[in-house]
Structure formats: structure tokens, C-alpha cells
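Please read the structure below before turning to the comments.
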Amino acid sequence: MSPPQSGVSTTAGAVPPEASAGTSRDPRECAHKLARTMSAVHLVPNLFELVRNPIAYIAKRWTPAPETLRRAALSALAMSVVIIVTGGAVRLTSSGLGCDTWPKCSSDSLYATSEMGVHGAIEFGNRMLTYVLSAAVGWAIVAARSAKPRRRGLSRLAWAQFWTVMGNAVIGGVTVLTGLNPYTVAGHFLLATGLLTVATLTWLRAGEGDVRPRPLAGPPVVKPVRVLVVASAALVTAGTVVTGAGPHAGDSSEVPRMPVALETAAQVHAALAWIVVALTLVVCLVMRAFDAPPGPRARARELLIVLLAQGVVGYVQYFTELPEVLVGTHLLGASLVWIATLRLLLSLRERGLPPGGTPAADAAHVPVEEGHGQAAHAGATQTSTRKARIPAPAGADDEPGHTTTVT
């Protein structure tokens, strides 16, 4: 039997002191490492979610204020007006074929070059503005989707703007490829007016709630307003015929025109304009006779003012042989007339307050009727320190009569 070695423990499983000191860990350091590991683990699913549906990813983490939602919708509306005016500038400067093909600017270049001159720069610049328009529409889509509670109807309106922009881009390309055919030019403008329509509806709906619409005026007021809307749409359409028959074809080369005498098209357009003005006057008188709320009456007056200004510009441009500046101003006026018409139409009903917001300017002037719609207008008459009970926006799980408290 050999004697035990000096300084060596004979206890089974014993750990040397040096090894024990080397493997010791601070509990706080272990906790930090575990937290970093868990963060890395959770990062991957979030990235997958972001790539799979970025709009839903943002909506889960961001709730826009009601004012932010309205600003997003207003930015899309403003850009829809800008793109109409700049599109007119392309035509009025004879730059419609500054980029002679689509989707590229020329057969060997994606963008305008110095050889294309100012016309190529103007046409290519207008194409680039489509991206700015798309960004504004994208902001409206994200803001509408992120609103709490979820507003599906508003999201559909915002998405309708996107698809209208995409469709109009294709029609714009067809217009270039067909050498500025006047009928495709007219279709291009009408679809831009469709975008203006959806953008206006989105902006107006962003400032109100989602409860069932309550009429603010009876049939004697609603019927002439609807006729006015149809007449205004006919007026805008007739304007495209004047454009198709007029001298501003969009290019300095020979471009086919609509087989309609310019004088005849202008006279029909002017007659429709006078019909729209007369209908607006009728609406104002009927609203006064039937004591319509102040909101709709104000919208009718605004439409009348815009119509009269547009009429003055129209007659001056006609008798001065259609100068480019006045034609462009008339194009802007046409957009404003259509926006004012839609505002008048939607002012004839109310849908309560927007979720978590304050009433729009129109709603603040609507009188509260006894026993009918008081909840929707309480917020317009209460001070900011008192609470109002208003109908909550309809949701998939909401029960009839459910209300929410807004401070």
C-alpha cells in the first residue's frame, strides 16, 4: 500500500479550488446574458412579421391621433389635386411626348437626358411626382389601418386610392404609347378625377365616426343636391371634350383631335356650367326655406362661390383664345368645384364623432334635435374638461347601442 500523496485530497468528486474559482459567475451577469439571448430569439419572429405584413406590423405598434389621420388623408387629397394640375401643365407646354415611350423615358434611358430638352424634363418630372403621390397615399393607408378601433371602411377608401393611382399610371403609359390619343387623354383625366373623388371621401370620413348615417335634411333638400352632383359630373366630363377638341393637344407635332367643333363643345360646356350654377342657387333657396342646418348651408354657399369664380375664368380664357395660364387655372378650378360638390353631398348626413377625436367643423354647427342624435353632438357643445357619451364606431364584436366615453 503506497502512502497518500502530500497535498492531494482523497475525497471523491472534489473540485480543485482553482477550478471552482474559474467557473464562478455573478448572478447579475447571468441575468443580462439571458436577457440578450431572449431578445435575439424574439427578434427573428418580429422581422418575419414585418416582412410578411409591414402595415399590420406598424398598426400593432402605433395609433395615430385623430388629427394625424386627417392630415394623412388631406395630404393624399392635396397631391391628387397637384397631379391633376401638373398633368395639365405637361399638356399645355406641349411636353406630352417629352418621354416618347413608357415605362422608360426613351428606348435607351429610364430617365430624361439633356438631349430631350425641357419637354423631356417636364414630362419626366410629372412622372416622378407620381411617387410623391404614392407616398402620400401610402401614409393615408398606414394611418387608416393603424386607427383604433379599427376602421375598415376608411381603410378600404385609402386602398382604393392606391389602386386608382396604379390604374391611372397604366392609362398614362397607354396615352404616351398611342401618341396622345384624345380619348385616352380624356380617360386619363377622368380617372384622375376618380382619384380626387376617393381622396375627398377619405378626408371627409376621417373627420367623422362610423355610426349609421343620420340624415340632417329631408327629401326636398337631398333630391336637388343629388341632381346637382350628377350635373357637376356631366360638367367635368364635358370639359374633357373641350380639351380633346381644343388646340392644346399636348405636343407640338400633329396630334389627332376629337371630331367635334371647338365652339360647339365650349357652348355645351358653358350651358352645363349655367345649369350647375342654377341648381346650386336652387339648393341654397330650398335649404333656406326648409331651415337646413348651418353646416350644409355653408357648404352650398362655398360651392356657389367656387362656381362663380370658375365661370369667370372659363369665359375669360374662351374670349382670350385659351392662354395656357388661364387654362391651367381653370383646371385647378375644376378640381375645387368637384371637391366642393362632394363636401355638400356628405354634409347632408352625420356619423358621429371620430374615435377619440373632436367633431369636424361641419358637425359643430349642426343643431341637436330633441331625442334624436344627441349623443353624436354632445362633444360639440361640451367644454374640454367635461365628458361626452357618443356612439362608438361599429366593430365586428360591438353590440348595438354600445357607447364609448370621450374626454
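The values are calculated or read from the model by the stated rules, or taken from the named source; none is laboratory data. Everything numeric in this text was worked out from a predicted model, so none of it was measured. So basically every Cβ, Gly included, is an ideal-geometry build from the backbone, and we count neighbours across all protein chains shown. Ligands, DNA and RNA are stripped out before the accessible areas are found, and what is left, the full protein with its side chains, is counted by its heavy atoms. Shrake-Rupley method; radii C 1.70, N 1.55, O 1.52, S 1.80 Å.
Filter region 280-297 for residues that are open to solvent by less than 20 Å² (accessible area, probe 1.4 Å) and either of a type in the set (Gly, Ala, Ser) or not in a helix (DSSP H, G or I) (or both) and give the result.
Step one: list which residues in region 280-297 are open to solvent by less than 20 Å² (accessible area, probe 1.4 Å), which gives 280, 283, 287, 292-293, 295-296.
Of everything in region 280-297, those that are open to solvent by less than 20 Å² (accessible area, probe 1.4 Å) and either of a type in the set (Gly, Ala, Ser) or not in a helix (DSSP H, G or I) (or both) turn out to be Ala292, Pro293, Gly295.
Here's the yes/no breakdown for (1) hydroxyl-bearing (Ser, Thr, Tyr); (2) more than 25 Å from Pro213 (Cα to Cα); (3) touching a Pro at 6+ places or on another chain (Cβ under 7 Å):
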position: Ala147; (1), (2), (3): no, no, yes
position: Ala160; (1), (2), (3): no, no, no
position: Trp163; (1), (2), (3): no, yes, no
position: Met166; (1), (2), (3): no, yes, no
position: Val174; (1), (2), (3): no, yes, no
position: Pro182; (1), (2), (3): no, yes, yes
position: Ala192; (1), (2), (3): no, yes, no
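Restricting to region 55-89, name every residue that is of a type outside the set (A, V, I, L, M) and under 26 Å from Arg127 (Cα atoms). Give the steps one after another, and end with the answer.
Initially, region 55-89 is screened for residues of a type outside the set (A, V, I, L, M), giving 57, 60-64, 66-68, 70-71, 75, 80, 86-88.
Selection gives Arg71, Ser75, Ser80, Thr86, Gly87, Gly88.
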Item to check | Filter result for the condition that a residue is touching a residue at least 24 places away in the same chain (Cβ under 8 Å), surrounded by fewer than 19 Cβ atoms within 10 Å (Cβ to Cβ) and in a helix (DSSP H, G or I), over Thr264, Thr237, Thr243 | outcome: Thr237
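If only one of Ala143, Ala56, Ala136 is touching a residue at least 40 places away in the same chain (Cβ under 8 Å), surrounded by fewer than 17 Cβ atoms within 10 Å (Cβ to Cβ) and assigned to a helix (DSSP H, G or I), which one is it? Even if it seems obvious, please write down each step before you answer.
Values: Ala143 fails: surrounded by fewer than 17 Cβ atoms within 10 Å (Cβ to Cβ); Ala136 fails: surrounded by fewer than 17 Cβ atoms within 10 Å (Cβ to Cβ).
That would be Ala56, the only listed residue that is touching a residue at least 40 places away in the same chain (Cβ under 8 Å), surrounded by fewer than 17 Cβ atoms within 10 Å (Cβ to Cβ) and assigned to a helix (DSSP H, G or I).
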Checklist entry - Has region 206-218 got any residue that is more than 23 Å from Arg299 (Cα to Cα), among the aliphatic types (A, V, I, L, M) and touching a helix residue (DSSP H, G or I) at 6+ places or on another chain (Cβ under 7 Å)? => result no
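Here is a list: Leu195, Leu204, Leu190. Which entry is in a helix (DSSP H, G or I), free of Cβ contacts under 8 Å to residues at least 60 places away in the same chain and among the aliphatic types (A, V, I, L, M)? Reasoning before the result, please.
On the way: Leu195 fails: free of Cβ contacts under 8 Å to residues at least 60 places away in the same chain; Leu204 fails: free of Cβ contacts under 8 Å to residues at least 60 places away in the same chain.
Within the list Leu195, Leu204, Leu190, the selection yields Leu190.
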Checklist entry - Do the conditions hold for Leu303, that is, is it closer than 21 Å to Ala233 by Cα and open to solvent by 30 Å² or more (accessible area, probe 1.4 Å)? => result no
Checklist entry - Which residues, taken from region 164-196, are open to solvent by less than 30 Å² (accessible area, probe 1.4 Å) and hydroxyl-bearing (Ser, Thr, Tyr)? => result Thr164, Thr175, Thr193
Item to check | Count of region 148-163 residues which are under 11 Å from the mean Cα position of the chain (by Cα) and open to solvent by less than 40 Å² (accessible area, probe 1.4 Å) | outcome: 5
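Being among the aliphatic types (A, V, I, L, M), part of a helix (DSSP H, G or I) and either open to solvent by 60 Å² or more (accessible area, probe 1.4 Å) or touching a residue at least 40 places away in the same chain (Cβ under 8 Å) (or both) narrows it down to one residue among Val255, Val229, Val277, Val211; which is it? Spell out how you get there, then give the answer.
Details: Val255 fails: part of a helix (DSSP H, G or I); Val277 fails: either open to solvent by 60 Å² or more (accessible area, probe 1.4 Å) or touching a residue at least 40 places away in the same chain (Cβ under 8 Å) (or both); Val211 fails: part of a helix (DSSP H, G or I).
None of the other options fit; the residue is Val229.
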Checklist entry - If you go through region 89-126 one residue at a time, how many are touching a Cys at 6+ places or on another chain (Cβ under 7 Å), open to solvent by less than 40 Å² (accessible area, probe 1.4 Å) and in contact (Cβ under 8 Å) with a residue 24 or more places away in the chain? => result 3
Checklist entry - What pairs can you find where one residue is in region 281-298 and under 11 Å from Pro220 (Cα atoms), the other is of a type in the set (D, E, K, R) and assigned to a helix (DSSP H, G or I), and their Cβ atoms are less than 8 Å apart, with a gap of 6+ or different chains? => result Met287/Arg297
Next on the checklist: Being over 26 Å from Val227 (Cβ atoms), surrounded by 19 or more Cβ atoms within 10 Å (Cβ to Cβ) and without any contact (Cβ under 8 Å) to a residue 60 or more places away in the chain: is that true of Gln317 here?
Outcome noted: yes
